[in-house]
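Beneath this line is the structure, given in structure tokens, with notes to follow.
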Amino acid sequence: MDVLVCIKRVPAPGGKVLLSADGTSIDTRHLGFTIGPHEECAVEEAVRIVAEHGGSTTVLTAGPPEADEQLRYALSMGADHGVLVETGTRELDPQATATALTEAIRLLESESKPFDLVLFGNETADAGHYQVGVRVSRALGLPIVGGIKGIEIGTGRVSLQRDVADGVEVYDAPLPAAAAVKEGLNLPRYPSIKGRLRAKKSPVRTIRPEPSPGGLRTVRLRRPPEKEHETVVLGYGAEAAGAVVDVLAEKGLV
Amino acid sequence: MLLVIVEEDAGGVSAASLEAVTCARHLAEGAGLDLHAAAFGAHGDLAAGLSKYGVSTLHLVTSESTREYSPELWGTALAELVEHTGATGVLAASTDRGTEILANAAASTEQPFASNCVAIEPGDPWTLTRQRGGGILLEDAELSGRVKLASLVAGSVEISEATATHEVDVLEFAPTPQATMPHSAIVDRTSRGSGVSLASARVVVSGGRGVGSAEGFAPLEELAELLGGAVGCSRVATNNGWRSHSDQVGLTGTKIGAELYIACGISGATQHWVGCMGAKTILAINTDPEAPLVARADYAVIGDVQEVLGAVLERLRARRAAA
Ligand SMILES: Cc1cc2nc3c(=O)[nH]c(=O)nc-3n(C[C@H](O)[C@H](O)[C@H](O)COP(=O)(O)OP(=O)(O)OC[C@H]3O[C@@H](n4cnc5c(N)ncnc54)[C@H](O)[C@@H]3O)c2cc1C
């Protein structure tokens with residue numbers, strides 16, 4: 001099984017998000033970056049599948065040169081190859097991202113052989129367009145299901161499971177196939193020291209496609225309006241218990 | 001013509017779909033266009049439910065290959081319906097399926113798709129506002145294309161009826177069978193048991209790093225039980241293996257809509273906040289009076305989780321015994 005995972009470098013803000021002066025991006029000067037949680041699970045799943053079925057894991061990201069950091073994190077988790085699709089520091093629209101990824105995957109496949117399974121995060125943690133995985137998969141002629149929290153590899157087929165409002169749905173698809181996965185698929189490992197050392201030394205390949213823009217153009221970002229309010233402090237420590245019970249009683253809960 | 005995908009709920013059109021219909025009518029009126037609806041595998045009488053909302057035609061997608069849900073086949077069928085009817089815009093509610101079908105149709109037609117919109121205004125391009133990061137930020141954007149596709153977040157538009165009621169023409173649409181296209185198929189569906197679900201629980205008692213351990217959740221479980229609620233947690237609790245991911249509240253977990261959210265030892269990072277901001281009342285228990293969630297909560301207790309919950313449970317038990 002040769003598995004490809006597409007990941008994105010995303011900022012990890014804390015209690016508040018600051019915006020850049022022109023309002024078109026997040027002010028990331030004081031922020032750390034991470035792989036999106038959905039995609040981290042995708043990397044973990046790929047590494048587990050390859051450990052069980054053999055083959056290799058390739059991790060691909062479209063983004064700025066700094067996304068090398070996230071590729072190396074994935075390598076330290078056990079992925080075999082890292083590919084950076086360098087698309088500059090400005091965020092691309094989802095059609096352009098999909099085109100860049102599709103071109104890169106076609107190039108990789110033309111040099112060796114098609115991937116058996118392609119994994120995406122269900123949506124990126126920052127832009128959250130909910131479509132890049134679908135666009136890439138459809139361009140490559142792969143079946144794809146989203147929201148996946150369970151993957152079982154069969155003979156020439158894959159079984160994919162997802163949660164829905166009132167239960168669980170199971171899908172079957174022929175391989176090669178794609179899936180857009182969600183956090184909860186597994187509990188990703190912390191990279192070992194050996195893994196980190198290996199990742200540091202691994203070569204990362206760079207591809208530079210030039211996709212044309214799609215039809216969604218960001219004008220500006222803003223923080224949603226917050227309702228003005230005062231927090232009522234009920235008290236300190238165990239002494240506040242009476243006031244807490246009063247609130248519960250007021251709400252008819254006790 | 002604009003097309004709106006409608007989903008069924010209890011034999012009628014779902015509330016989220018009626019929001020999409022209302023928004024689509026606003027766009028259609030603004031551009032002097034007709035408004036059509038489309039439904040997959042519908043069983044109820046959707047036409048009757050749409051007559052008051054300005055929809056002139058309902059397309060029922062009916063074929064053997066689209067009888068059961070398949071994201072690729074439904075998306076391709078929608079793309080074909082769009083070409084067949086000459087629709088210049090397609091809207092749907094941002095449900096799992098609505099989003100997935102639009103993404104597939106957008107991929108098939110190579111047209112742009114704006115997901116999770118909260119407002120869309122007519123014109124060319126459409127000017128819209130969409131949620132990023134589950135609502136951490138709003139994005140004002142322009143959408144231009146031969147066919148524009150957009151999904152609408154539930155609760156962002158007030159459902160309204162059209163000025164006149166119309167009889168809705170119902171047309172059956174049989175998409176071309178896709179014999180060679182590789183696609184997925186749904187093979188099994190299981191319903192959840194009756195227990196309280198996190199997303200719909202009236203009360204959620206949630207814990208984060210400040211709870212300290214898996215065992216530290218025992219008082220949270222007891223309180224949730226007493227209040228008829230569910231237990232939630234932060235991503236730190238999930239990543240530490242204290243709770244299963246199905247309990248996680250937030251951007252990459254579950255969005256809750258509880259009457260009361262009790263956040264114990266949770267700082268209130270933006271990614272957590274977007275999961276609990278839909279709660280009507282928030283009570284934060286935290287040692288740090290400066291924690292972001294304390295600032296955003298309606299009520300706060302400053303103190304140690306175990307100490308505060310221990311005292312609260314003692315009182316509740318005593319109340320029970322006295323009753
Ligand atoms: C892309 C992305 C997606 C994410 N998605 C999610 C998500 O879906 N859900 C989520 O929760 N997080 C998510 N996170 C993580 C998020 O950024 C925070 O790291 C996380 O929510 C913090 O969890 P916490 O509040 O439990 O821990 P901390 O931030 O460490 O806060 C612990 C709090 O407990 C208080 N405390 C400590 N000891 C005690 C005590 N004894 N009694 C009372 N209070 C105490 C502290 O004062 C502090 O406020 C995501 C992050 C990223 C980057």
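Checked against (1) open to solvent by less than 20 Å² (accessible area, probe 1.4 Å); (2) more than 13 Å from chain B (Cβ to nearest Cβ), A:Phe120 passes all but a single condition, namely (2). Candidates are the residues of the stretch B:200-209 that are in a loop (DSSP other than H, G, I, E, B) and open to solvent by less than 50 Å² (accessible area, probe 1.4 Å); the one that is farthest from the ligand (Cβ to nearest atom) is B:Ala201.
Within the stretch A:1-31, being open to solvent by less than 40 Å² (accessible area, probe 1.4 Å) and within 9 Å of the ligand (Cβ to nearest atom) holds for A:Val10, A:Pro11, A:Pro13, A:Gly14, A:Gly15. The set of residues from the stretch B:64-82 being farther than 23 Å from A:Ala180 by Cβ and surrounded by fewer than 17 Cβ atoms within 10 Å (Cβ to Cβ) comprises B:Glu64, B:Arg67.
Screening B:Thr165 against (1) at the interface with chain A (Cβ under 10 Å from one of its Cβ atoms); (2) at pLDDT below 95 leaves a single unmet condition, (1). Taken together, B:Leu27, B:Leu46, B:Leu33, B:Leu73 contain a single residue that is farther than 30 Å from A:Asp172 by Cβ, aliphatic (A, V, I, L, M), assigned by TED's automatic domain parsing to the domain that holds B:Ala150 and out of contact with any Pro (no Cβ under 6 Å at 6 or more places or on another chain), which is B:Leu33. No other residue among A:Ala62, A:Ala104 is surrounded by 20 or more Cβ atoms within 10 Å (Cβ to Cβ), away from chain B (no Cβ under 14 Å) and either more than 23 Å from A:Glu44 (Cα to Cα) or touching a Ser or Thr at 6+ places or on another chain (Cβ under 6 Å) (or both) apart from A:Ala62.
Rundown of residues vs (1) more than 7 Å from every other protein chain (Cβ to nearest Cβ); (2) more than 7 Å from the ligand (Cβ to nearest atom); (3) in contact with a helix residue (DSSP H, G or I) (Cβ under 9 Å, 6 or more places away or on another chain), yes/no style:
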site	(1), (2), (3)
B:Ser234	yes, no, yes
B:Leu251	no, no, yes
B:Ala263	yes, yes, yes
B:Ile266	yes, no, yes
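Within the stretch B:121-134, identify whether any single residue is within 16 Å of B:Val21 (Cβ to Cβ) and open to solvent by 40 Å² or more (accessible area, probe 1.4 Å), and answer yes or no. Taking every residue of the stretch B:121-134 in turn, at least one turns out to be within 16 Å of B:Val21 (Cβ to Cβ) and open to solvent by 40 Å² or more (accessible area, probe 1.4 Å). Contact map, the stretch B:210-223: first residue open to solvent by 40 Å² or more (accessible area, probe 1.4 Å) and part of a helix (DSSP H, G or I), second residue more than 14 Å from the ligand (Cβ to nearest atom) and among the hydrophobic types (A, V, I, L, M, F, W, C), Cβ cut-off under 8 Å, separation 6 or more or different chains; pairs are B:Glu222/B:Leu313.
Against the numbered list (1) modelled with pLDDT under 95; (2) among the acidic types (Asp, Glu); (3) under 23 Å from B:Asp247 (Cα atoms), A:Glu228 comes up short only at (3). Checked against (1) open to solvent by 40 Å² or more (accessible area, probe 1.4 Å); (2) within 16 Å of the ligand (Cβ to nearest atom); (3) modelled with pLDDT of 95 or more; (4) away from chain B (no Cβ under 12 Å), A:Gly55 passes all but a single condition, namely (2). Condition (residue is free of Cβ contacts under 8 Å to residues at least 60 places away in the same chain and under 17 Å from B:Leu3 (Cβ atoms)) applied to the stretch B:150-164: is it met by at least one residue? Checked against the condition, which is being free of Cβ contacts under 8 Å to residues at least 60 places away in the same chain and under 17 Å from B:Leu3 (Cβ atoms), the stretch B:150-164 yields no hits at all.
Taking residues in the stretch B:90-107 that are in a helix (DSSP H, G or I), and partners anywhere that are polar (S, T, N, Q), the pairs with Cβ atoms closer than 7 Å and at least 6 places apart or on different chains are B:Gly98/B:Ser151; B:Thr99/B:Ser115; B:Thr99/B:Ser151; B:Leu102/B:Ser151; B:Ala103/A:Gln131; B:Asn104/B:Thr76; B:Ala106/A:Gln131.
If you go through the stretch B:280-295 and keep only what is within 13 Å of the ligand (Cβ to nearest atom) and out of contact with any His (no Cβ under 8 Å at 6 or more places or on another chain), you end up with B:Leu283, B:Ala284, B:Ile285, B:Asn286, B:Thr287, B:Asp288, B:Pro289, B:Glu290, B:Ala291, B:Pro292, B:Val294, B:Ala295.
The values are calculated or read from the model by the stated rules, or taken from the named source; none is laboratory data. This structure is a prediction, so every number in the text was calculated from the model and none was measured. Positions of Cβ are backbone-derived with ideal geometry, glycine not excepted, and every protein chain shown enters the neighbour counts. Note: accessible area is taken over every heavy atom of the protein model, side chains too, but ligands, DNA and RNA are not part of it. Shrake-Rupley method; radii C 1.70, N 1.55, O 1.52, S 1.80 Å.
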